[in-house]
Amino acid sequence: MHTTIKRAFITGITGQDGSYLAEFLLTKGYEVHGLLRRSSTFGTQRLEHLYRDVHESQRPLHLHYGDMADGSCLSRLIREIEPDEVYNLAAQSHVRVSFDQPTYTADVTALGTLRLLEALRDVQDASGRQVRFYQASSSEMYGKAVETPQKESTPFHPRSPYGVAKLYAHWITVNYRESYGLHASCGILFNHESPRRGETFVTRKITRAAARISLGLQKKLYLGNLDAQRDWGFAGDYVRAMWLMLQQDVPDDYVISTDEMHSVREFCERAFGRLGLDYRDLIEIDPRYFRPAEVDLLLGCSRKARTSLGWVPHISFCGLVDMMVDADLQSARAEQAMVAAGHGTSLLAR
């Protein structure tokens with residue numbers, strides 16, 4: 001048996017949420033292990049500062065090669081690491097891409113969760129040791145929502161292969177909790193963003209473009225539905241909720257949201273306005289960015305999490321947009337300096 005230092009295993013550790021969660025758990029004194037998928041690029045940029053910080057403070061952080069499509073690998077890692085807590089954040093998480101890659105999305109996002117749950121059930125059956133499990137569920141499961149705001153009891157109606165895959169992962173987690181007594185909780189997280197958000201997601205596309213346009217590195221931004229409305233929060237706030245769920249004696253499911261709704265248009269107005277620009281002059285609508293089945297609005301009700309977990313978000317909508325714009329402006333200035341020095345090329349057509 002390992003020491004009293006808690007061990008956490010995070011799938012999707014190289015993503016936005018995984019990096020913030022690893023950062024948070026390290027401050028709590030955890031030994032953190034992460035699943036690293038082997039690919040043609042070494043995508044650990046979001047973790048680089050943690051390696052530096054870990055070296056300075058001797059906090060343990062370990063990455064393990066593996067894949068959500070490989071059940072035997074997941075079982076081996078669970079046996080070797082002996083985690084106290086497992087956070088399943090791995091997914092093909094881009095909604096628009098899921099229409100182009102539905103089979104891959106289902107295999108990683110849906111069946112990957114099942115493979116991980118099976119690995120945890122095997123450990124529990126063999127040793128009696130209960131590993132606490134967090135499943136990253138999504139507000140996209142509500143899709144064509146039948147009520148607003150959406151809460152834990154709201155019926156699901158996903159409108160994308162991603163939403164459908166997340167719904168399977170959600171219900172199979174609930175099923176394993178009820179069938180085998182796993183300490184498994186689902187966080188139904190509404191949209192959450194940060195400066196570490198992938199550049200293909202609409203919020204980051206907006207803030208990055210605003211920064212680059214302000215410095216003459218880009219001319220226009222092409223977007224789809226500006227009238228879509230979302231409940232946007234800060235990823236750093238939301239990983240705190242994940243951890244709180246696994247500290248409860250009884251596992252349960254919780255909506256995590258800011259309980260405020262804003263349109264893509266509002267996001268654009270705030271982002272471009274922070275740089276003294278009028279988004280209406282710089283954005284063009286491109287039908288390619290519309291989804292085959294649109295989700296018009298998502299608004300969460302996080303009363304249960306606020307009451308039972310004591311969780312509240314700290315960063316406001318305006319604070320989030322400003323944070324992202326400021327970070328992308330810093331990056332754009334570095335890019336501008338590279339271009340000026342002849343070490344880079346400005347992609348004005350983007």
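The values are calculated or read from the model by the stated rules, or taken from the named source; none is laboratory data. Predicted model, so just to flag it, every value in this text is computed and none were measured. We place every Cβ from the backbone using ideal geometry, glycine too, and count neighbours over all the protein chains shown. The area values use the complete protein model at the heavy-atom level, side chains included, leaving out ligands, DNA and RNA. Shrake-Rupley method; radii C 1.70, N 1.55, O 1.52, S 1.80 Å.
Run the dipole for the range 158-254 about the Cα centre, Lys and Arg Cβ at +1, Asp and Glu Cβ at -1, nothing else charged, and hand back the magnitude in debye, nearest 20.
On the way: 13 positive and 9 negative charges, 169 e Å.
Around 820 debye, computed over the range 158-254.
Given Gly112, Leu167, Thr154, which one lies farthest toward the positive end of the charge dipole of the range 96-176, if we put +1 on the Cβ of every Lys and Arg and -1 on the Cβ of every Asp and Glu?
Of the listed residues, the answer is Thr154.
Using only Cα atoms and rounding to the nearest 10 degrees, what angle (0 to 90) does helix 317-340 make with the longest principal axis of the chain?
60 degrees
Amide H to amide H, which residues 5 or more places from Leu189 or on other chains are under 5 Å from it, using H placed in the peptide plane?
Those qualifying (amide H under 5 Å, at least 5 residues apart or on another chain) are Ser137, Ser138, Ser139, Ile256.
Ignoring ligands and nucleic acids, what accessible area does Trp171 show with a 1.4 Å probe (Å², nearest 10)?
130 Å²
Taking the Cα centre of the chain as origin and charging only Cβ (+1 Lys, Arg; -1 Asp, Glu), how large is the dipole, in debye to the nearest 20? Can you show the working numbers first?
Values: 41 positive and 43 negative charges, 94 e Å.
Computed charge dipole of the chain: roughly 460 debye.
Expressed as a whole number of Å, what is the distance separating the alpha-carbon centroids of the range 150-218 and the range 254-300?
Between the Cα centre of the range 254-300 and that of the range 150-218, the gap is 15 Å.
Can you list residues from other chains, or at least 5 along the same chain, whose modelled amide H is less than 5 Å from the amide H of Tyr87?
Residues meeting the criterion, in which the H sits 1.01 Å from N, are Phe9, Ile10, Thr11, Tyr134.
Please report the antiparallel percentage of the DSSP beta bridges confined to the chain, to the nearest 5. Walk me through the numbers on the way to the answer.
Details: 2 of 36 bridges.
Expressed as a percentage, antiparallel bridges in the chain total about 5.
Would you mind counting up the charge near Glu140? Only other residues with Cβ under 10 Å from its Cβ, with Lys and Arg at +1 and Asp and Glu at -1. Working shown, then result.
Values: positive: Arg159, Lys166; negative: none.
Cβ neighbours under 10 Å give a net charge of +2.
Report, in degrees rounded to the nearest 10, the 0 to 90 angle that the Cα long axis of helix 71-81 makes with the longest principal axis of the chain.
Around 70 degrees separate the two axes.
For a 31 Å ceiling on Cα separation, which of these pairs sit above it: Lys28/Lys144; Lys144/Lys205; Lys28/Lys304; Lys6/Lys166; Lys166/Lys205; Lys166/Lys220? Mind showing how you got there, number by number?
Details: Lys28/Lys144 38 Å; Lys144/Lys205 25 Å; Lys28/Lys304 24 Å; Lys6/Lys166 28 Å; Lys166/Lys205 24 Å; Lys166/Lys220 34 Å.
Long pairs (Cα-Cα over 31 Å): Lys28/Lys144; Lys166/Lys220.
Along the charge dipole of the range 194-350, which of Ser308, Ala210, Val239 sits closest to the positive end, that is, farthest toward it, with unit charges on the beta carbon of Lys, Arg, Asp and Glu (+1, +1, -1, -1)?
Ala210
Can you list the HN-Hα couplings for the range 183-199, worked out from phi with the Karplus curve (6.51, -1.76, 1.60; θ = phi - 60°), rounded to whole Hz and with x for Gly and Pro?
7, 10, 10, 10, x, 8, 8, 7, 3, 9, 10, 4, x, 8, 5, x, 6
On the full set of protein chains, 1.4 Å probe, figure out the accessible area of His183 and give it in Å² to the nearest 10.
Probe radius 1.4 Å; accessible area of His183 about 10 Å².
Can you give me the long-range amide H partners of Ala184? Hydrogens built in the peptide plane at 1.01 Å from N, cutoff under 5 Å, separation of 5 or more residues or another chain.
Phe133
Heavy atoms only, probe 1.4 angstrom, no DNA, RNA or ligands counted: give me Leu26, Leu244 ranked by accessible area, highest first. Numbers along the way, then the final one.
Values: Leu26 5, Leu244 30 Å².
Ranked from most to least accessible, the order is Leu244, Leu26.
If you wrap a convex hull around the alpha carbons of the range 264-329, what volume per residue comes out, as a whole number of Å³? Intermediate values should be presented prior to the final figure.
Numbers: hull volume 8.5 nm³, N = 66.
With only Cα atoms used, the range 264-329 gives 128 Å³ per residue.
Given the alpha-carbon gyration tensor of the range 192-338, what are the semi-axes of its equivalent ellipsoid in whole angstrom, ordered largest first, with each equal to the square root of 5 times an eigenvalue? Walk me through the numbers on the way to the answer.
Details: eigenvalues 193, 65, 29 Å².
Output for the range 192-338: semi-axes of 31, 18, 12 Å.
Return the distance in nm (one decimal) between the two label points of a simple spin-label model at Ala334 and Thr4, each offset 7 Å from Cα along Cα→Cβ.
Between Ala334 and Thr4, the simple spin-label model gives 4.1 nm.
Quick one: of the DSSP bridges fully inside the range 171-280, what percent are antiparallel, nearest 5?
Rounded to the nearest five, the antiparallel share is 25 percent.
When all protein chains stay in place, what accessible area (Å², nearest 10, 1.4 Å probe) is found for Cys301?
Only protein atoms counted, so the area is about 20 Å².
Using C-alpha positions alone, give me the convex hull volume of the chain per residue in cubic angstrom.
Working: hull volume 48.8 nm³, N = 350.
Taking the convex hull of the Cα positions in the chain, it is 139 Å³ per residue.
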